[in-house]
């Protein structure tokens, strides 16, 4: 069998695999295992971890509230220019996050298009606050949720919605009781992806929310910060993020395999 | 008070043009080949596909959205909501119409009991057999007290064994229902057993309607003749003889004049290896085109003027040792031939 695989393909393939795996192994090798427990429970790591979990979860909640209806509109609402809408929704996927952060500053900053009114009317200022972290993370992560939920909606049989209509159900009741439960696995998968993306968000966050320990310094920002002053701390923080990523991957895999079976 | 529908749906190159009247308590079956527009007609009645006008009990349903129409629909594969129990499925329509939770569940439980599924109230649709799912779908459709019950191929998804039983059950429930019922099927047996009246659709139009007995005795299209298992020809009658459009002349027992249908059962045809002596009428040469084994008889497809289907016994089959291409003589008893004038919707 091996003879059938040309070396010209196998060698680059193995190199590629090593390229992806070796840096992660490096993290494990260089980790300060002896002082790991102490580091993990230090205030510095604890604060960043707590802030990251809270912000990523809030961002995911925000994405669910806004993204699920948006996915429904794209999949079911007969809106003109749906292709264009879908393209617009996916822009944050390919946009460099730092550009997203700049764009958010321009719109939601203190002198921004919307931000100045938020400040004047409600006294709300988003940039460089914990709320700003949530906004930045949601901006970058929402496409993951929208795409996953829209895909699930398009795969769901619309005739169930017709059946609900013949039983007298309004579209809202149909959405709540028939459509949403049938796409629940897709919503969960989308939410997990969205959460993982929000947890790792760096560029938009540091641009829009800055880097204030305890307030906007999430794990990725803390890693970056610690790398110059305390490399061991950076490794510990990175390990935690790696663990979360692997956990998300394993969780999604189980869900997808379970859903297919 | 009754239902009157003028259904007009145009989609791509298909055009549905069907007028339908249903009396209260009456069960009308829309019967037709695939693509005849049966399901489209049903969807238009429910309001799922726009087109045409529907009046029920004097009230116009035109422009009424689906959810405001007092209809109950049993879909072809039932479409029970997979995330709800059987009871929640049946209660759904009542809840959607504003009935309180406890009252809706109690009413749904009564319906499940009526269809004999009280023990399966908490089951998910996935755990139900085909026959059980069909009965839940029926209970769900009837629970909201519709004025119009629509059933799309209600027995098509069931295996033969379950089907007989569920058909009898369904017949009983349709008998108790006081509203209007329209059911769609391509199975003549389902239609004959369940319906008071058959409406035959072909290519979006009504080609024949009548009671099951009328349709079975006097088919007016090749499709209906095939369904009810009769030989059918068109021709012009002059007294006791009919000159068939496709060639051939038949002598009939009931004298008639003008354009007529001629129908007779395949069992009225006998086959002989040689021309029988002393029987000059309704005897013509044929060649074997095909042989099909049915339960207790053998059906032989024969080419000739006219081509004909003949049912013969296994003994005759053994005597004749039929092979495609064999030359035989067909003999038809005039007393078993029915002639009736070509009239009515699309009959000609």
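The values are calculated or read from the model by the stated rules, or taken from the named source; none is laboratory data. Owing to the predicted nature of the structure, the values given are computational and were not obtained by experimental measurement. Counting neighbours? That spans all protein chains shown, and the Cβs are built from the backbone with ideal geometry, glycine included.
Checked against (1) under 19 Å from the mean Cα position of the chain (by Cα); (2) surrounded by fewer than 23 Cβ atoms within 10 Å (Cβ to Cβ); (3) more than 12 Å from chain A (Cβ to nearest Cβ), residue B:120 meets all criteria but (1). Restricting attention to the range A:13-35, the residues being under 29 Å from residue A:209 (Cβ atoms) and in a helix (DSSP H, G or I) number 3.
Looking only at the range B:178-185, decide whether some residue is free of Cβ contacts under 8 Å to residues at least 40 places away in the same chain and either crowded, with 17+ Cβ neighbours inside 10 Å or farther than 18 Å from residue B:4 by Cα (or both).
Taking the range B:178-185 first, the residues free of Cβ contacts under 8 Å to residues at least 40 places away in the same chain are none.
Within the range B:178-185 (the criterion being free of Cβ contacts under 8 Å to residues at least 40 places away in the same chain and either crowded, with 17+ Cβ neighbours inside 10 Å or farther than 18 Å from residue B:4 by Cα (or both)), the answer is no, since none of the residues qualifies.
Among residues of the range A:51-85 being modelled with pLDDT under 90 and not in a loop (DSSP other than H, G, I, E, B), the one that is surrounded by the fewest Cβ atoms within 10 Å (Cβ to Cβ) is A:83.
Give me a count of the residues in the range A:153-183 that are more than 9 Å from every other protein chain (Cβ to nearest Cβ), assigned to a helix (DSSP H, G or I), free of Cβ contacts under 8 Å to residues at least 40 places away in the same chain and under 24 Å from the mean Cα position of the chain (by Cα). Adding up the residues that qualify gives 1.
Here is a check on your reading of the model: is residue B:93 within 14 Å of chain A (Cβ to nearest Cβ) and either in contact with a strand residue (DSSP E or B) (Cβ under 6 Å, 6 or more places away or on another chain) or at pLDDT 90 or above (or both)? Against the criterion (within 14 Å of chain A (Cβ to nearest Cβ) and either in contact with a strand residue (DSSP E or B) (Cβ under 6 Å, 6 or more places away or on another chain) or at pLDDT 90 or above (or both)), residue B:93 qualifies. Among the residues of the range B:45-70, those that are under 24 Å from the mean Cα position of the chain (by Cα) and within 13 Å of chain A (Cβ to nearest Cβ) comprise B:45, B:46, B:47, B:48, B:49.
Among the conditions (1) farther than 29 Å from residue A:179 by Cα; (2) surrounded by fewer than 17 Cβ atoms within 10 Å (Cβ to Cβ), residue B:18 misses just one, which is (2). When the residues of the range B:71-88 are narrowed to those that are more than 9 Å from chain A (Cβ to nearest Cβ) and touching a strand residue (DSSP E or B) at 6+ places or on another chain (Cβ under 7 Å), which ends up nearest to residue B:148 (Cα to Cα)? Among those that are more than 9 Å from chain A (Cβ to nearest Cβ) and touching a strand residue (DSSP E or B) at 6+ places or on another chain (Cβ under 7 Å), it is B:74. When residues in the range B:1-34 are screened for being in a strand (DSSP E or B), within 12 Å of residue B:203 (Cα to Cα) and out of contact with any strand residue (DSSP E or B) (no Cβ under 8 Å at 6 or more places or on another chain), 1 of them pass. Tell me, yes or no, whether the range A:130-146 has at least one residue that is without any contact (Cβ under 8 Å) to a residue 24 or more places away in the chain and more than 14 Å from chain B (Cβ to nearest Cβ). Looking for residues that are without any contact (Cβ under 8 Å) to a residue 24 or more places away in the chain and more than 14 Å from chain B (Cβ to nearest Cβ), one finds at least one in the range A:130-146, hence yes.
Please find, among B:106, B:139, the residue that is at pLDDT 95 or above and crowded, with 19+ Cβ neighbours inside 10 Å.
Values: B:106 fails: crowded, with 19+ Cβ neighbours inside 10 Å.
Just a single option satisfies the conditions, and that option is B:139.
For the range B:130-139, the count of residues that are touching a strand residue (DSSP E or B) at 6+ places or on another chain (Cβ under 8 Å), more than 18 Å from residue B:90 (Cβ to Cβ) and touching a residue at least 24 places away in the same chain (Cβ under 8 Å) is zero.
Report yes if residue A:214 is within 14 Å of another protein chain (Cβ to nearest Cβ), in a loop (DSSP other than H, G, I, E, B) and either surrounded by fewer than 19 Cβ atoms within 10 Å (Cβ to Cβ) or touching a helix residue (DSSP H, G or I) at 6+ places or on another chain (Cβ under 8 Å) (or both), otherwise no. Walk me through it before giving the result.
On the way: within 14 Å of another protein chain (Cβ to nearest Cβ): no; in a loop (DSSP other than H, G, I, E, B): yes; either surrounded by fewer than 19 Cβ atoms within 10 Å (Cβ to Cβ) or touching a helix residue (DSSP H, G or I) at 6+ places or on another chain (Cβ under 8 Å) (or both): yes.
No, not satisfied.
May I ask you to verify whether residue B:237 is surrounded by 16 or more Cβ atoms within 10 Å (Cβ to Cβ) and more than 27 Å from residue B:188 (Cα to Cα)?
Numbers: surrounded by 16 or more Cβ atoms within 10 Å (Cβ to Cβ): yes; more than 27 Å from residue B:188 (Cα to Cα): yes.
Yes: the conditions hold for residue B:237.
Condition check ((1) within 14 Å of another protein chain (Cβ to nearest Cβ); (2) more than 18 Å from the chain's Cα centre (by Cα)) across all residues:
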site: B:129; (1), (2): no, yes
site: B:136; (1), (2): yes, yes
site: B:166; (1), (2): no, no
site: B:196; (1), (2): no, no
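Of all residue pairs spaced 6 or more apart or on separate chains, those with beta-carbon atoms under 6 Å, a first member in the range B:224-239 that is outside the structural domain of residue B:198 (by TED's automatic domain parsing) and at positive phi and a second member that is surrounded by fewer than 17 Cβ atoms within 10 Å (Cβ to Cβ) and modelled with pLDDT under 90 are B:239/B:255.
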